[in-house]
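Accompanying notes for the structure given below.
Taken together, the values in this text are just the output of simple stated rules run on the coordinates, not laboratory data. None of these values were measured; they are calculated from a predicted model. Here the Cβ is made from the backbone with ideal geometry for all residues, glycine too, and neighbour counts use every protein chain on show.
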Ligand code: SF4
């Protein structure tokens, strides 16, 4: 087995030569690193970059985020998905502002007491910003370790053993760079399929490569089969503004605004009229199909059909739950990616009509 000191030297040298130039690597501010780590959960580096910069322009200091209205935080997050992350970050910022004078705490115990901060995020922020010797284990690290040491069998299906192994090989002199180096290797070289072993700095010591089993590791949890669903939506327009409804508290993307639509379990248009009447008190008559789009949320493959619709009568005014908004105004509200996609599809269709 490769000596840990040799492993550390090889990987850190590779990282310093090859790391991607990413905006959050230009700072040691724990708040900025925290924002980047939260955004990067379940989202690609490429997608995160513009959001990270725009978010920090809007909330440059932790105290700015703590003082912001939730609606404005969600609006800045719109399009990134997994909105519980934004809510947790916001709650966490308030906690740090109140209990730690706006500065991310320096101990694991205090970091884990921040709402929404788990072991991964706490360890990443503390090791990168403050050089606290804590390992991080994400999907990339897990894959590199599983291959490097050919870790197989039921024991290696749990997170704990990977955490222990990561701790054994942690570079305590430079834990921030070390953690980022392991993650970077997994993200750019030791890919899930067709790892680029010939250019890997660890290829001489990689047991999975020697055994010819690299692509079979890590042994994993079975992924869920995709589910096809159809959503019907109603484009109700008055004086250039679209009718939006607000999602209920506590639901996925709770309190977000959206184009009125059926639920994910819907069979499409037949459910639309009933759903709008029962859930929102809106009576509509559906018209022609205006927008077709596709969308994916976790394992669901969604086909969206948006119909022009007219109101049978004006719904009762309820600014907490109903509002009218132009496309421009919608772009500044907390809305789901699905709603943004429908609005864009409607604008594109309108442009084509104008050209015809
Ligand atoms: Fe991954 Fe290949 Fe490097 Fe092994 S040699 S760690 S499988 S990229």
- Note on the structure: Sorted on mean Cβ neighbours within 10 Å (highest first), peptides 61-73, 123-135 come out as 123-135, 61-73
- Item | Highest-MSF residue in the chain out of 330, 213, 259 [GNM, Cα springs under 10 Å] | 213
- Between the range 73-113 and the range 26-45, the Cα center-to-center distance that results, in Å: 12 Å
- Task: Would you look at the GNM of the chain, springs on alpha carbons closer than 10 Å, and say which of 110, 336, 78 moves the most?
- Result: 110
- Helix 337-355 versus the longest principal axis of the chain: what is the Cα-based angle in degrees, 0 to 90, to the nearest 10? 50 degrees
- Per residue, what volume in Å³ does the convex hull of the Cα atoms of the range 287-333 enclose? 138 Å³
- Per residue convex hull volume, Cα only, the range 110-246, in Å³ is 214 Å³
- Report, to the nearest 10°, how far helix 119-130 tilts away from the longest principal axis of the Cα atoms in the chain, using its own Cα long axis and a range of 0 to 90°. 70 degrees
- Query: Which whole-number percent gives the relative contact order of the chain, counting Cα pairs below 8 Å spaced six or more residues apart?
  - Reply: 16 percent
- Message: How many angstrom lie between the Cα centre of the range 315-350 and the Cα centre of the range 145-208?
- Response: 44 Å
- Determine the shape class of the range 13-133: with a ≥ b ≥ c the square roots of the Cα gyration tensor eigenvalues, call it rounded for a/c under 1.5, and otherwise prolate if a/b is greater than b/c, oblate otherwise. oblate
- Task: Would you compute, from DSSP H runs of 4+ residues alone, the mean residue ellipticity of the chain at 222 nm, taking -39500 (n - 2.57) per run and dividing by the full residue count, rounded to the nearest 500?
- Result: -13000 deg cm²/dmol
- Item | Rg/Rh ratio calculated on Cα atoms of the range 39-103 (Kirkwood radius) | 0.96
- Ranked by GNM mean-square fluctuation in the chain (Cα springs under 10 Å), the top entry among 332, 292, 46 is 46
- Query: Using Cα atoms only, what is the angle between the long axis of helix 175-188 and the major principal axis of the chain, expressed in degrees (0 to 90) to the nearest 10?
  - Reply: 60 degrees
- Item | Cα gyration tensor, the range 259-356 - rounded (a/c under 1.5), prolate or oblate | rounded
- With a ≥ b ≥ c the root eigenvalues of the C-alpha gyration tensor of the range 309-356, is it rounded (a/c under 1.5), prolate (a/b larger than b/c) or oblate? oblate
- Percent antiparallel among DSSP beta bridges (both partners in the chain, rounded to 5): 65 percent
- Can you list the equivalent-ellipsoid semi-axes of the range 32-75, largest first and in whole Å, using the square root of 5 times each Cα gyration tensor eigenvalue? 18, 11, 9
- Query: According to a simple spin-label model (label point 7 Å from Cα along Cα-to-Cβ), what is the distance in nm between residue 3 and residue 45?
  - Reply: 3.1 nm
